[in-house]
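Trainee: One structure follows; several queries about it will come next.
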């Protein structure tokens, strides 16, 4: 008697459905494992896309130089706290000596608290402390171009005379000017009055859906140096010639080492990076998170797989007489193996499908509850999750299937 594949599938599905509650408990580990890995993969994929877009916005050909590593507005590592600040003349030196560099821009990063007093921006009726204050040279508009919702960037002449003008991010504009009439209006920042001449459009990308550029308050570098003479927190951005970013990176690094009087065996006492390097560092961090997720899901799959093997062995015992009858009427060894393998795969496949569905629902729910948290369910994670669940069914279903096929039909028919 030849048993077709469709008949085997039908028998397997009927067997699973007959004991559906038992089957659900059996595949619970697989559901947890697949849900974990697909959800984590979805969140990490969304986060990475946001980071890539963020640094594309900052300029893919740029080389960033700063005193310390990490976010200039964030905490500083203990071993980097004693590093000397960069000097504004470093930017001029890089302009003159680095042949692969097209432009060099200088910014002065103002900390959130100056002289033990938090810096705020306010207008009549509204105030916000959520600002990233910085002074910038006018050419930063060309080095790291940004879209404007309204207005413009400041000019070289305004920078030269230390004009009291500012460009603000979209979040700041929304906080201080909810009616959308920011251009031309005064704003008080740390006791000084400035006129808003530009409002940035909503920034693209970011970390966890948030982009610090939306909280930016930027005024001319000369203005910043005049108002904050005690601050020397300079940040240098060098824009490479087309196709020359790697050369520019090496040239800028060696220029900085000369400026810092470092010997050949000394470590860099400054941070230098490119968008690709920062993205690579982010990938390393998320890779570790992914490994933890895989380890957790692996435990769930192992528990689920052992459960499937256990339930299939129980099924073989319960259906010994049925197996004997099928063999007696001509079922071949491969027909029996196929039947129980398909049943095991149907179990784990159902677990994988349920896990993927739950992961998609969790991802959608997180996106709805926390809109700033980017999340996208990648097709590869869905395919991989379902494929792994099927593979678990095959791996843990082989022994019960072989055991069923090895039963002696005469002894099986006598089984009660």
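Trainee: When the Cα atoms of the range 80-174 are enclosed in a convex hull and the volume is divided per residue, what value in Å³ results?
Mentor: 163
Trainee: In a GNM of the chain with a 10 Å cut-off on Cα contacts, which of 86, 291, 28 has the highest mean-square fluctuation?
Mentor: It is 291.
Trainee: For the chain, give me the percentage of DSSP beta bridges that are antiparallel, rounded to the nearest 5 percent.
Mentor: If I count the DSSP bridges inside the chain, around 80 percent turn out antiparallel.
Trainee: While we're here: Return one number: the angle in degrees, 0 to 90 and rounded to the nearest 10, between the long axis of the Cα atoms of helix 88-97 and the longest principal axis of the Cα atoms of the chain.
Mentor: Computed tilt is about 80 degrees.
Trainee: For the chain, modelled as a GNM with alpha-carbon contacts under 10 angstrom, which of 192, 384, 224 fluctuates the most?
Mentor: 192
Trainee: By its C-alpha gyration tensor, with a ≥ b ≥ c as the square roots of the eigenvalues, how is the range 165-247 shaped: rounded for a/c under 1.5, else prolate for a/b larger than b/c, else oblate?
Mentor: Oblate, since a/c reaches 1.5 and b/c is not below a/b.
Trainee: Can you tell me the Rg and the Dmax, both Å, for the Cα atoms in the range 41-86?
Mentor: In Å, with Rg to one decimal and Dmax whole: 14.1, 41.
Trainee: Between 338, 198, 355, where does the largest GNM mean-square fluctuation fall for the chain, given springs only between Cα atoms within less than 10 Å?
Mentor: Taking springs between Cα atoms under 10 Å, the residue moving most is 338.
Trainee: Here is a further query. In terms of the ratio Rg/(2.2 N^0.38 Å) built on C-alpha atoms, what value belongs to the range 215-282?
Mentor: 1.40
Trainee: What does the convex hull of the Cα atoms come to per residue for the range 111-230, in Å³?
Mentor: It comes to 108 Å³ per residue, whole-number rounded.
Trainee: Quick one: plug the Kirkwood hydrodynamic radius of the chain (C-alpha pairs) into Stokes-Einstein at 10 °C, 1.306 mPa s, and report D in µm²/s.
Mentor: My calculation gives 61 µm²/s for D.
Bear in mind these aren't lab numbers, they're just calculated from the coordinates by the rules spelled out. Everything numeric here is computed off the predicted structure, so don't read it as measured data.
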